[in-house]
Amino acid sequence: MIDQADDQPASGVAPSPTSIPLRAAGTLRRVVVAEDDPDISALVALALGRLSGLEVTICANGRAVLEVVPHHLPDLFLLDVMMPEMDGVETLARLRLEPSTAMIPVIFMTARVRPRDLEFYFAKGATGVIAKPFDPMTLARRLCQLHAENRHAPA
Amino acid sequence: MPQPDPLADLRARFIARSRERVQNLRSLIDAAPAQPARHGAGTKEVSAAAAIARLAHQLAGAAGTFGYAALGEAAAALEDRARAAEDDASTFDPLPLTPILQVLEARIADLEASRA
């Protein structure tokens, strides 16, 4: 439907006290994010950084992620799937080939979440998938959950 | 007393950028007639339909994440139409996209008015 008249923010995006305490949920402190859309990357930086206390590094695509990681190993990667230059799936494959990043959880964020899409992402080694659009005010908590679940998963 | 919106500055920037995106979409659609929908296999040149679809996809994703569902739905509808044109037609007819673009422009105007 495209005839909705009132387009005020959904209630789930309104300010909410969901940001504290995150670190108690696990050891998630540093996140590297790859997102080519400047509006979404700014939103993610705010939601994970200033509002949730995580250390966030934003990259415009997968190639930038690979340039960052030798100097900055995160606890988790959050990758958009569709990006120019290097998409999320290829970035994940490259990260898995590198010993220092092979075991770091990788979460995809994407609007393509049909069952066959999800099957594809997990077959490629994704730790989890966050569907777009997502609620920025609960993003940090969801990442902490996925990170904690991954830590407790059998090897 | 309501709490201040921590996303207020980003929302303002997003709405301004959305206006630019919709103007870019308008330019692409207005310039589209007579362009082939798809170029030859192997070429990296982007067709008008593909460019419209990509721009609309970005707008849809960002709008939804900011909580602007109606804007996101309109952008997603435009993306779907553009992808269908890219896939199915040997020539790209932008005419069916115009009404959706008008809806998008109206949504942006509503958002701008609500923040004025």
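The values are calculated or read from the model by the stated rules, or taken from the named source; none is laboratory data. Remember, predicted model here, so these are calculated numbers, not experimental data. Neighbour counts run over all protein chains shown; Cβ positions are idealised from the backbone, glycine included. All accessible areas refer to the heavy atoms of the entire protein, side chains included, with ligands and DNA or RNA removed. Shrake-Rupley method; radii C 1.70, N 1.55, O 1.52, S 1.80 Å.
Here are some notes:
- Residues of segment A:117-131 that are touching a strand residue (DSSP E or B) at 6+ places or on another chain (Cβ under 6 Å) and not in a helix (DSSP H, G or I): A:126, A:127, A:128, A:129, A:130.
- Segment B:64-106, residues that are within 13 Å of chain A (Cβ to nearest Cβ) and either in contact with a Ser or Thr (Cβ under 6 Å, 6 or more places away or on another chain) or in contact (Cβ under 8 Å) with a residue 60 or more places away in the chain (or both): B:97, B:101, B:104, B:105
- Long-range neighbours under 7 Å by Cβ, at least six apart or interchain, first residue open to solvent by 30 Å² or more (accessible area, probe 1.4 Å) within segment A:101-115, second assigned to a loop (DSSP other than H, G, I, E, B): A:111/A:132; A:112/A:81
- Residues that are surrounded by fewer than 24 Cβ atoms within 10 Å (Cβ to Cβ) and at the interface with chain A (Cβ under 7 Å from one of its Cβ atoms) within segment B:54-63 comprise just one, B:58.
- Top-ranked residue of segment A:110-124 - restricted to ones that are in contact with a helix residue (DSSP H, G or I) (Cβ under 9 Å, 6 or more places away or on another chain) and at pLDDT 95 or above, ranked as nearest to the other protein chains (Cβ to nearest Cβ): A:121
- Residue within segment A:134-152 that is over 22 Å from residue A:67 (Cβ atoms) and outside any helix (DSSP H, G or I) present: yes
- Hits in segment B:44-84 - residues which are part of a helix (DSSP H, G or I), touching a Gly at 6+ places or on another chain (Cβ under 9 Å) and either under 18 Å from residue A:109 (Cβ atoms) or of a type in the set (Ser, Thr, Tyr) (or both): B:59, B:60, B:61, B:62, B:63, B:64, B:65, B:72, B:75, B:76
- Flag for residue A:55 being at pLDDT below 95, over 26 Å from residue B:54 (Cβ atoms) and away from chain B (no Cβ under 11 Å): no
- Evaluation of residue A:34 against (1) at pLDDT 85 or above; (2) touching a helix residue (DSSP H, G or I) at 6+ places or on another chain (Cβ under 6 Å); (3) within 13 Å of chain B (Cβ to nearest Cβ) (one fails), failing number: (3)
- Residue within segment A:36-48 that is more than 20 Å from residue B:64 (Cα to Cα) and under 13 Å from the mean Cα position of the chain (by Cα) present: no
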